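Report on the following structure.
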Amino acid sequence: MISNVSKPLSQGFTQNRPALGASLAARFVQSALLALRLRRYRIFCCALSHLWFLKVAFAILRRVRPLMIFKKTLFVTKASDVREVLDRFEDFTLGDSIAPGMPWGAFLMTVDWTDQHAAERQLLQSVVAPLPDVERIRAIVAARCREQIDAAPGEIDVVADLFEPVVVSIASNYFGVPPPGGRERGMAKIMRDLAGIIMVNPPVGSKPWIQSRDSIAVITSHVSAELERKAASLKTADAVLPDDLLTRLLRQLRTGSRHAWFDEDWIRRYMTGLLATGAATIVRAAAHTVDQLLAHPDALNQARAAARELERQEDLKRHNLDENLDARVEQARCALRHYIYEALRFRPMLPLLLRDTPRETVIASGTKRARLIPAGTRVIAPPLAAMFDPEVFPEPSHFLASRPLESYLHFGQGPRQCFGRYIAETALMEIVRALLLLPDLVRKPGASGRLAYEGPAASSMIVTFSKVRAIS
Ligand code: HEM
């Protein structure tokens, strides 16, 4: 250090020039590589959201090579084979491929050991009260939809000003995690970032990567603080806490658990996991559903009639105590669900699911297309391909709301099927119904009416409507 100072400045500069040049070159190469990776990330996000390329590719593969291995990746394109992959928990694992997208710690999706996965899932399930919870979620979503739509002046960004506020309300009132600092938009952004990195992990060091790390840091300390606050309140005898998932898990912990792994850190990791898997997913699914209903005007009209019928049956039920009315409401709800599922088929929330093969195995055994899959193969099992397989979805390019609901694969299949399906279906139904009841609902002309994304997360889509209330 001292000897450097004693050298004439110009000499030191000349001697350091090669090192400086090398480090500048290294930095240039690094940023060029990062730009390249970022471009690949953007192309991948785009392919995952605008699905025409994948649809064409899967249709060709299904005809010529339904189980195709390219390098070390297996592409599965028939519905029955996609279901087989998802059903075989131990032969097709998820943990390794999903763990980098969940850096806040182990969560249901990263657990590949059958018994452990079943035990952790069962514990989470034990704090859900299916029927009352569905009613509660329905009420939360319906109230927030009314509030947001009433405040809109005849046009609304359905993503930022409807779907996101709805999921923030679910997180606050049902999960038990209010927005940090009361900032709803900040919470929506965090949930976008969390879901974004699960779907497509951005390149390390890129802007979306840095933002996602910031979001994880904020939500981790926020969930930990909420947890501590509620745990402290539970210790006082006269504590009155809201009945949400976080509080229920803490109560469960206090009653004593037979599982050594169930502790406050488990609750933190799982609450963060639920925020990551259970918010922006609903936003993306609702955006895709509405986008596709708007893209199919005949189906849109029929779906609007189904929404009005549901409204009518619920009105009858409110004014009459006849027990049969429950069944009729459920029937009307089911009719509308058909439109939602079919619309989402054209743009599924999760078009691709990933698995890995820890050991050699055979798929489609007993059929002509049976294949031996080497250990270490990455498997792409796409609901998108399954839901365009003409064997299960005749005339797949047609919007047909009469298809059996069991044929769809929106929520996965087997031991890993969506844990939050009851939340997602309830929220989707209420959100879509609220929009369908708006008179003259159309996409805003121009770019702002098209669905936009931030990474893989939906970020904006503006629709217009007439402010006069619909007469049902
Ligand atoms: C419309 C919205 C949603 C869709 C379309 C959806 C779809 C899916 C799918 C396809 C899977 C299976 C993933 C795989 O097999 O690799 C899955 C798993 C999962 N989902 Fe959802 N999901 C939605 C909303 C939610 C919500 C609201 C929550 C919770 C609050 C949630 C929590 C989970 C969890 C925890 C898993 C992992 C289950 C396991 O590994 O056992 N999801 N979801």
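A short reminder: the numbers here are calculations on the coordinates, not readings from a lab. What you see is a predicted model, and the numbers here were worked out from it, not measured in a lab. Counting neighbours? That spans all protein chains shown, and the Cβs are built from the backbone with ideal geometry, glycine included.
Per-structure values
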item	result
Residue check, Ala434 buried (at least 18 other Cβ atoms within 10 Å of the Cβ), away from the ligand (no atom under 15 Å from the Cβ) and assigned to a helix (DSSP H, G or I)	yes
Close pairs (8 angstrom Cβ cut-off, 6 or more residues apart or separate chains): of a type in the set (Asp, Glu) in region 200-227, not in a helix (DSSP H, G or I) anywhere	Glu226/Gly176; Glu226/Val177; Glu226/Pro178
Cross-chain or 6+ apart pairs with Cβ under 7 Å, region 410-438 first and over 17 Å from Ile156 (Cα atoms) and in contact (Cβ under 8 Å) with a residue 60 or more places away in the chain, then aromatic (Phe, Trp, Tyr) and in a helix (DSSP H, G or I)	His410/Tyr341
Residue list for region 407-431, filter: aliphatic (A, V, I, L, M) and either near the ligand (Cβ under 6 Å from one of its atoms) or under 20 Å from Ala143 (Cβ atoms) (or both)	Ile423, Ala424, Ala427, Leu428, Met429, Ile431
Qualifying residue in region 78-86 (condition: basic (Lys, Arg) and under 27 Å from Pro208 (Cβ atoms))	no
Single match in Ser215, Ser233, Ser206 (criterion: out of contact with any strand residue (DSSP E or B) (no Cβ under 7 Å at 6 or more places or on another chain) and buried (at least 21 other Cβ atoms within 10 Å of the Cβ))	Ser215
Helices (runs of 4 or more DSSP H) within region 29-136 that include 2 or more residues free of Cβ contacts under 8 Å to residues at least 24 places away in the same chain	52-64, 114-125
Complete set of residues in region 175-189 that are in a helix (DSSP H, G or I) and buried (at least 23 other Cβ atoms within 10 Å of the Cβ)	Met187, Ala188
Condition met for Val166 (assigned to a helix (DSSP H, G or I) and among the aliphatic types (A, V, I, L, M))	yes
Positions within region 384-404 being in contact with a Phe, Trp or Tyr (Cβ under 6 Å, 6 or more places away or on another chain) and either part of a helix (DSSP H, G or I) or acidic (Asp, Glu) (or both), in sequence order	Ala385
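Residues are listed down the side, and each one gets a yes or a no for (1) farther than 20 Å from Ala286 by Cα; (2) within 11 Å of the ligand (Cβ to nearest atom):
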| site | (1), (2) |
| --- | --- |
| Pro351 | no, yes |
| Glu391 | yes, no |
| Phe399 | no, no |
| Leu405 | no, no |
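Here's the yes/no breakdown for (1) β-branched (Val, Ile, Thr); (2) closer than 26 Å to Glu454 by Cβ; (3) touching an Asp or Glu at 6+ places or on another chain (Cβ under 8 Å):
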| position | (1), (2), (3) |
| --- | --- |
| Ile219 | yes, yes, no |
| Arg254 | no, no, no |
| Arg269 | no, yes, no |
| Thr281 | yes, yes, no |
| Gln292 | no, yes, no |
| Pro297 | no, no, no |
| Ala303 | no, no, no |
| Leu316 | no, no, no |
